[in-house]
Amino acid sequence: MHGLARPGPGYVWTVHEFIETCGFLGGWLLVAGPIYQASIELREEAFERDAMMAAASSIPPEPEVSGWWWFLPPVYWWLSRRRRARMGEKVLVAMTPEQREQFVNYMAKAFGWMLVAGGAFFIATKETYEFVEAWHWHVAVFWVLVVVMPILAFAYTAASSIRSRRMLDPGFVPERGPRVGRHAPPTDDA
């Protein structure tokens, strides 16, 4: 029974299907959680981006790697990497000690959350495969879910971040009126 055929009326989930569904949802929540938490913590991190960008723009750029090196891709990659490393060192030297400390703390926190989310992604991938197998779906469903679920995690984080920034804006005005079934707040006109 491959495909997305639904069981007939009166079908009751087996414990195995229920557990695999819980594992699938839990695995992807483990991915979404670190992404969301990283977004919150990195936004709160004292990081003077403008001052660091000014320090970076004051550095004369390293010469570009010649496009001819694309004929030897590993050499091009190595030369480009060396160029980026030299630029990074120059920018770090141009920063004040406080800016360097902020930058190092920011990058350490970002890398830590990336490791947590990356590990969760591998667990979620395994759980997704077992979920698809438990429901006897085609393997293509697995690949679609492995692509779509991280996109949903990032999209939720982005939407939540935008919503938070809007609510913290001094000129914030809710877009919606009162919800259905709730009374409007009393006014002074009465």
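Just so you know, all these numbers are worked out from the coordinates, no wet-lab data involved. Being a predicted model, the structure only gives us computed values, none of them experimental. In this analysis, Cβ positions are derived from the backbone assuming ideal geometry, glycine residues included, and neighbour counts consider all displayed protein chains.
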Discussion item. Can you sort ILE123, ILE35 from fewest to most other Cβ atoms within 10 Å of each residue's own Cβ?
Written reply: ILE123, ILE35
Worksheet, complete the sentence: Toy charge model, Lys and Arg Cβ at +1, Asp and Glu Cβ at -1: the chain dipole around Cα centroid in debye, rounded to 20, equals 420
Worksheet item: Of the labelled options [x] 1, 8, 15, 20, 20, 16, 10, 6, 3, 1, 0; [y] 1, 6, 9, 10, 10, 10, 12, 12, 10, 7, 5, 4, 2, 1, 0, 0; [z] 1, 8, 17, 22, 23, 16, 9, 3, 0, which one gives P(r) over Cα pairs in 5 Å bins from 0, in percent as computed for this structure?
Response: [y]
Worksheet item: Across the chain, where is the longest run that never hits chymotrypsin sites (Phe, Trp or Tyr not before Pro) in a DSSP loop with at most 14 other C-beta atoms within 10 Å?
Response: 14-171
Item to complete: Sort MET167, MET107 so that the residue with the fewest other Cβ atoms within 10 Å of its own Cβ comes first and the one with the most comes last.
Response: MET167, MET107
Worksheet item: Using the count of nearby Cβ atoms within 10 Å as a rough guide to exposure, how do ARG84, ARG100 rank from fewest to most?
Response: ARG84, ARG100
Worksheet item: Of LYS90, LYS126, LYS109, which is the most mobile in a GNM of the chain whose springs link Cα atoms less than 10 angstrom apart?
Response: LYS90
Worksheet entry | Percentage relative contact order, the stretch 15-164, counting C-alpha pairs under 8 Å, at least six apart | 49
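Ratio of alpha-carbon Rg to the 2.2 N^0.38 Å globular estimate for the stretch 75-158, to two decimals, please.
That works out to 1.67 for the stretch 75-158.
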Worksheet item: For ILE19, what charge total do you get from the other residues with a beta carbon under 15 Å from its beta carbon, if Lys and Arg give +1 and Asp and Glu give -1?
Response: -4
Worksheet item: Just going by the charge dipole of the chain, with Lys and Arg at +1 and Asp and Glu at -1 on Cβ, which of LEU92, GLY112, LEU145 is farthest out on the positive end?
Response: LEU92
